[in-house]
Amino acid sequence: NPNVALHWQVSENGDGVELWGTAELHDDVETKRRLWNGVFDYDLNAFAPGGPDDSPEAGFLAIKPRRAIVIRAYGTGGTQRWTA
């Protein structure tokens, strides 16, 4: 089932984002090499010490969003909704 729901709390004030969409797994070595360095602000080797070439359990998800909600102050500060 490729359907996903994701949530990020983006501030200490309870602001957050919820996203629903369809996920596609990219675990081929070419994609891992392309995204392994310079994309994230942390070292992916901490999670997959084998690096892109020797971490078969590691991959990247591409999410095609269908809808999203921005929530402010746990919802008491209002919401914004987006639909594809």
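Computed from the coordinates by the stated procedures, all read-outs in this text should not be read as laboratory data. From a predicted model like this one, the values you see are computed outputs, not experimental measurements. Neighbour counts are summed over all protein chains in view; Cβ atoms, including those assigned to glycine, are modelled from backbone coordinates with ideal geometry.
Here are some notes:
- For residue 19, neighbours were defined as the other residues whose beta-carbon sits under 12 Å from its Cβ, and their charges (Lys and Arg +1, Asp and Glu -1) total +3.
- Projected label points at residue 13 and residue 82, each 7 Å from Cα along the beta carbon direction, are separated by 1.9 nanometres.
- Each Cα pair under 8 Å and six or more residues apart adds its separation to the average, and for the chain the resulting relative contact order is 34 percent.
- Cut-off under 5 Å, modelled amide H: who pairs with residue 66 long-range: 20, 21, 22
- Charge context of residue 52, other residues only, Cβ under 15 angstrom, K/R +1, D/E -1: -4
- Relative protection proxy for 18-24, 36-42, 51-57, from highest mean packing down: 18-24, 51-57, 36-42 (other beta-carbon atoms within 10 angstrom).
- Once both labels are positioned 7 Å from their Cα atoms along Cα-to-Cβ, the gap between residue 28 and residue 48 label points is 1.4 nm.
- Net charge of neighbours whose Cβ lies under 13 Å from the Cβ of residue 73, counting Lys and Arg as +1 and Asp and Glu as -1: -1
- Hydrodynamic radius of the stretch 3-83 per Kirkwood, over alpha carbon pairs, in Å: 14.6
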